[in-house]
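The values are calculated or read from the model by the stated rules, or taken from the named source; none is laboratory data. Since this is a predicted model, take the numbers as computed values, not measurements. Cβ placement follows ideal geometry from the backbone for every residue including glycine, while neighbour counts extend to all protein chains displayed. Ligands, DNA and RNA are excluded from the accessible area calculation, which covers all protein heavy atoms including side chains. Shrake-Rupley method; radii C 1.70, N 1.55, O 1.52, S 1.80 Å.
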Amino acid sequence: MSNSIVEHFGKYFLLEKLASGGMAEVYLAKSTGAVGVNKFVAIKRILPQYSDNADYIDMFKEEAKITVNLNHGNVVSIYDFGIERHQFFLVMEYVEGRNLRQVITEMKKTSTQFSIEQIVYMIKEVAAGLDHAHRCIDGTSGRPLNITHRDMSPQNIMVSFEGEVKIIDFGIAKAETQIEATKAGTLKGKFGYMSPEQADGQTIDLRTDIFSLGIVLWELLANDRLFTSNSEAAILRKIRECQISSIRKINPSVPPELERIVNKALAKDKSLRYQTAAAFHRDLNRFINTEYPEFSPHDFSVFMKNSFSQAFLEQRKRLIEYSKLQAEAANNANLDKTVVTQTDHRTKFQAPPAPRKSTQEPSKAAAQEPEEDDSDNLVIDAATDIKVNLDNLKSAKTSSSITRKDTLRTSTGITNVTSTGINVRPPVNANKNSALHKQVGRMRPGAHRDSMENVTTWAMRIVIMLIIGVGGWMVYKNPTSIKPYIKIATDFLEAQQPKVVVQPTPTNTTGQAELVSTAQYVITIESSPPGARIYIDGQDTSSFTPNRRTVVGNAALALTLKKDGYLNYETNTVISENAQSIKATLQPVPKAAYISVNLINGGANPVLEVNGQRLNERLPIEKYTIPAGVPVRIHAHNPFTGASAEQTVTIKENQKKLVELILK
């Protein structure tokens, strides 16, 4: 990111503008901490022309104090508040995603719609955030703050690519209401999302937020706007009249219970409305758990990532580039290796000059500069913990326990740790005439081990000769007394022979026992796409592909790979060699849609077929899975009257449709 220009705003770097409104603008920014610890945030900065208004400044300060008290998973957090270059600003949590209005606009371009359970989940999460704000307590005084959002709309609902749902713009909307309240006839809020009392200019409370959120719920289910017209006056008139069309007439797949929830949230009389956001959240939560018990927030996260995969990847790439830019900025502040020029508070980072050659002696330079990190060229098994004691140079017995080859740099030289022993080389600059050099030079790999083997061999020969001599004399005196000594000699010789450890396995079909070697092999498990969870012999390894691990060689291995959105991959193989690689290609789960079937005049035992396959489920059919995007034929007939009906439907992915067949 050399030659990139960002604005230095206090202790933050403004990376790119995310949004701009009538009174403020929002930037993606990054804070710079100690030792390179950085964090992406969103900064809302008040435009300069509003920074001279004393009333607005006072209210902005007061609202900043209030919003800092909000701390909930469904509300964007406020981290900091301050003034820089005569501009007030708020530092907020950065949500990597889009607001709900942007999401709806993008989905219309691809003719994609939210499913009912996804819609209910989002509104349920927003209701939880509203409830927290409505009940929030001032941390300094302990008094209720009675925060009302006053501008609940899709633009103020953020949906992250991870499936999180968060409310934004608490406090600022209220501050703007107060400053504009001095103007005659001024209304605050987006006209299409006002409550009847808000449109009438009456006193508003937390139930206004519930009505506005009910409008968002209605529009998501209907895939249309509720209060819209060609003029603002006409919109306000519709809101005051509050004539709400039946959502089930527009979308027949909406269950009756959900329609009841929508109607209660949109009641014109606020005394008949949900009195708290908690009550609204409770009904939505009960509905989704009853009607869609298998739904989970993870499903919604997968949907968002798939729907906005391109935007998600592009955003991640930009964040990585911004991270590199910030690294350059930190280097500028600490190392002075980059040329920095400033113009209008903007900093331009240029590539650092080439490093100068050191004039120090090689030994001094090596002592002052860290050694080159070649960790990228090493493959390290994290499961192996190797500790090397330099005292092992005096003994060859422990050398066989070391199974990896590493290099230890010591003050006396370089020690190579291998699978056969420990070899020592003198330092490069050591005096070749020194006693250490002569002593090490006479050593060769395995010399100490060979000498020990020679001693053992001569000891065995002496023992055998003694046994033969004593045995001959015993035979001469008493021939039968030689048997115990023969057994002693045999046991002694067997003890000197190396042993091969084998393990018996269960007998095979012929009743013969099989032997399996305990050799350990290192294998590599890869998948396309990566990130699949690895199961070996039915056991969860808590590891993901690509993965390098050690397994028992020459033994059957049952491997299973699991990844959300893909079919499970299963294979049985025998690991017959070291460094063996297993590569798997995961197949995506077929796209699915859902139908609900209702038969009229079907009789007591109608026959229902989907693509020629008879269904045994009891009618009516609810959320039956069918292939998405392809024609599906639904046929029903009454075996007693002979009446029948047939319909062919094509449904998009994750969509649900009610099919009613009238048998004639």
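Taking amide H as placed 1.01 Å from N in the peptide plane, the amide H of MET92 sits under 5 Å from that of ALA42, ILE43, LYS44, TYR79, each at least 5 places away or on another chain. 3J(HN,Hα) along the stretch 125-137, derived from phi through the Karplus expression 6.51 cos²θ - 1.76 cosθ + 1.60 where θ = phi - 60°, amounts to 5, 5, 4, 5, x, 4, 4, 4, 5, 5, 9, 5, 10 Hz, with x in place of Gly and Pro.
Here the 3J(HN,Hα) profile of the stretch 229-241, calculated from phi with Karplus coefficients 6.51, -1.76 and 1.60 at θ = phi - 60°, is 6, 8, 8, 5, 5, 5, 5, 5, 5, 5, 5, 5, 6 Hz, Gly and Pro shown as x. May I ask for the net charge around ARG318, where only other residues with Cβ less than 14 Å from the Cβ of ARG318 are counted and Lys, Arg are +1 while Asp, Glu are -1? Around ARG318, the charge tally is +1.
Near the amide H of VAL75, within less than 5 Å, lie the amide hydrogens of ILE167, all on another chain or at least 5 residues away, with H placed in the peptide plane. Of LEU313, LEU145, LEU619, the order by accessible heavy-atom surface (1.4 Å probe, DNA, RNA and ligands excluded), from most exposed downward, is LEU313, LEU619, LEU145. Across THR648, THR140, THR112, the residue with the most accessible area heads the list, and the full order at a 1.4 Å probe is THR140, THR648, THR112. Nonpolar atom fraction for the stretch 525-636, defined as the carbon and sulfur part of the 1.4 Å probe accessible area, stands at 45 percent. The largest accessible area among ASP55, ASP283 belongs to the first residue in ASP55, ASP283, and the rest follow in falling order (1.4 Å probe, all chains).
In this structure, GLU232 and GLU653 have a Cβ-Cβ separation that, at R0 = 35 Å, corresponds to a calculated FRET efficiency of about 0.40. Between LEU18 and VAL26, TYR27, LEU28, the built amide H atoms are under 5 Å apart, and every one of these is 5 or more places off in sequence or on another chain. Computed from the C-beta positions of GLU609 and ASN53, the FRET efficiency with R₀ = 56 Å rounds to 0.20.
Over 21 Å apart at the Cα level, from the set LYS44/LYS317; LYS124/LYS264; LYS166/LYS652; LYS61/LYS190, are LYS44/LYS317; LYS166/LYS652; LYS61/LYS190. Ligands, DNA and RNA excluded, the heavy atoms of LYS61 present near 80 Å² of accessible surface to a 1.4 Å solvent probe.
Rolling a 1.4 Å probe across the protein heavy atoms gives the stretch 103-145 an accessible surface of 43 Å² per residue. Computing FRET efficiency as 1/(1 + (r/R0)^6) for ILE600 and VAL302, where r is the C-beta to C-beta distance and R0 is 41 Å, gives about 0.65.
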